[in-house]
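The values are calculated or read from the model by the stated rules, or taken from the named source; none is laboratory data. It should be emphasised that the depicted structure is a prediction, and the values quoted were computed from it without experimental measurement. As a convention, Cβ positions derive from the backbone with ideal geometry for all residues, glycine included, and neighbour counts pool all protein chains shown.
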Amino acid sequence: MNKKSILLTVQKVLAAATIGLLVYVPTFAQTPTKAKITTTPEPTAAPTTKLEKDVQLLKDKIATKVAEMRDTSKSTKAGTVTEIEKDTITIQTEDSATTKITYDDTVTKLVSLVNKGADLKFSDIKKGDYLVVSGLLIEDSLTATIIYKDQQFLALSGKVSDVQKADFEITVITTGKDTYTLDIESSTKQFIFDYEEAAVVKSGFSKIHVGDTINFVIKKPGDKTTTKATAVRTLIIPQEYFTQVEK
Amino acid sequence: MKKETGIAIILGITLGSIIAIGLIFGTRNNDISNKKVINTKETPTIVKLTNSAQQFEITAPNNNSTTTDDTIKISGNAPKNSLIVIQSSTTEKAFKTTEPSFATTFNVAKGENVINITAYEGNSVNDKVLTIYRISE
């Protein structure tokens, strides 16, 4: 074989190698993808009587609603009612954001937690009410599945700075440096930490002393400047506990 | 066609295929091995938390979370021998920690539960507030 024929042979080998590359790379470089499986609903027989038609209409309405909600996310919002329209409530949450709540009598359940779990009507909801709403969030509107009419509370801790025995009042300075005057009433659930038994036990007003540490719960005042409130619950940690801990 | 030409074509296609397969598998193996990050040099760091506020945290549940159960599990970290007080509008509990972490169950009512969790450790007081929603449909 002379040089020319060798050169020709090499050229042919390179050309064939290029063809081989062009054939195999697109074939084997692909990555497999999963096939999407969809199902189609089966047809049902057409209703005949008026009742059957009404039932079918309700079923279709519910099915459409459920289908609409399928790909949306479930959410819980709590806030004060600022606006009420035909079937829409606007609430303002703690961060001052507003959310539109859509009421649908076929899917929304209304419960009053303020009135010991009694059923609530849409017409009973007023501006200023505090609601906890759970439902499906579609864009910035929440279609409610349940609406609770609820009460807002504050749960705080601090130190007792004054005890007014005649009025059954105590003054507390909280860890956030706020001062509250608490009315201790017969409805107040009072407890004390028994450090010897390491247990929470029932207590009374007479066991509260200046310098004691207190954890307490009050109904959130409507006016933010109000510093006087009725205590819903109190838990006293006597100063002696901290003295014996230091020893 | 000459015999040499035929042999050249067959050899060429075979060589090209081998190179192609080698390239494809080589690329795939590189992708896999790139995901394994091996640190050959690791400098350990030791952080000692001296501030009790930094040592107090609630790890679960998340604030503003929703549950359908009537109890939740509250877990967190606090200095050993802290007195933990947990209180809401319907119930309270108090206990001392024996380890730097704690976990306890706590009853929740329907609707909004504002829960104050306070850690008393010596003279220092730290508190966190959790809001949990219980929804029972």
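Candidates A:206, A:161, A:187: the one that is polar (S, T, N, Q), out of contact with any strand residue (DSSP E or B) (no Cβ under 9 Å at 6 or more places or on another chain) and either surrounded by fewer than 20 Cβ atoms within 10 Å (Cβ to Cβ) or free of Cβ contacts under 8 Å to residues at least 60 places away in the same chain (or both) is A:206. Residue selection: residue A:47 satisfies the criterion of being modelled with pLDDT under 70, of a type outside the set (A, V, I, L, M), surrounded by 10 or more Cβ atoms within 10 Å (Cβ to Cβ) and within 27 Å of residue A:104 (Cβ to Cβ).
With a requirement of 3 or more residues that are under 28 Å from residue B:122 (Cα atoms) and facing chain B (nearest Cβ under 10 Å), the strands (runs of 3 or more DSSP E) lying completely within the stretch A:135-247 that satisfy it span A:153-164, A:189-194, A:213-219, A:228-237. Here residue B:90 fits the description: surrounded by 14 or more Cβ atoms within 10 Å (Cβ to Cβ) and assigned to a loop (DSSP other than H, G, I, E, B). You will find that of A:79, A:135, the residue that is out of contact with any Lys or Arg (no Cβ under 8 Å at 6 or more places or on another chain), farther than 18 Å from residue B:109 by Cβ and crowded, with 19+ Cβ neighbours inside 10 Å is A:79 and no other.
Restricting A:140, A:150, A:223 to those that are modelled with pLDDT of 95 or more and acidic (Asp, Glu) reduces the list to A:150.
The condition of being in contact (Cβ under 8 Å) with a residue 12 or more places away in the chain, within 14 Å of another protein chain (Cβ to nearest Cβ) and surrounded by fewer than 19 Cβ atoms within 10 Å (Cβ to Cβ) holds for residue A:73.
Scanning the stretch B:102-125 for residues that are farther than 30 Å from residue A:106 by Cα, at pLDDT 95 or above and more than 8 Å from chain A (Cβ to nearest Cβ) yields B:102, B:103, B:104, B:105, B:106, B:107, B:117, B:119. Residue check: residue A:193 meets all listed conditions (1) of a type outside the set (Gly, Ala, Ser); (2) under 30 Å from residue A:115 (Cα atoms); (3) buried (at least 21 other Cβ atoms within 10 Å of the Cβ); (4) modelled with pLDDT of 95 or more but one, namely (2). For residue A:157, which of the numbered conditions (1) modelled with pLDDT under 95; (2) in contact with an Asp or Glu (Cβ under 6 Å, 6 or more places away or on another chain) fails to hold? Unmet condition: (1). Of all the numbered requirements in (1) at the interface with chain A (Cβ under 9 Å from one of its Cβ atoms); (2) surrounded by fewer than 22 Cβ atoms within 10 Å (Cβ to Cβ); (3) in a loop (DSSP other than H, G, I, E, B), residue B:98 misses one, and that requirement is (1).
Give the residues of the stretch A:121-134 that are aromatic (Phe, Trp, Tyr) and in a strand (DSSP E or B), sorted by residue number.
A:130
When B:137, B:42 are screened for being at pLDDT below 95, farther than 30 Å from residue A:189 by Cα and assigned to a loop (DSSP other than H, G, I, E, B), only B:42 passes. The set of residues in the stretch B:54-87 that are among the small types (Gly, Ala, Ser), surrounded by fewer than 17 Cβ atoms within 10 Å (Cβ to Cβ) and more than 11 Å from every other protein chain (Cβ to nearest Cβ) comprises B:60, B:75. Filter the stretch A:1-19 down to residues that are out of contact with any Ser or Thr (no Cβ under 8 Å at 6 or more places or on another chain) and among the charged types (D, E, K, R) and give me whichever is nearest to the other protein chains (Cβ to nearest Cβ). Checked the stretch A:1-19; the qualifying residue nearest to the other protein chains (Cβ to nearest Cβ) is A:4. Among the numbered conditions (1) touching a Pro at 6+ places or on another chain (Cβ under 8 Å); (2) in contact (Cβ under 8 Å) with a residue 60 or more places away in the chain; (3) among the basic types (Lys, Arg), the only one that residue A:53 does not meet is (2).
Inside the stretch A:97-120, residues that are outside any loop (DSSP other than H, G, I, E, B) and within 19 Å of the chain's Cα centre (by Cα) make up a count of 9.
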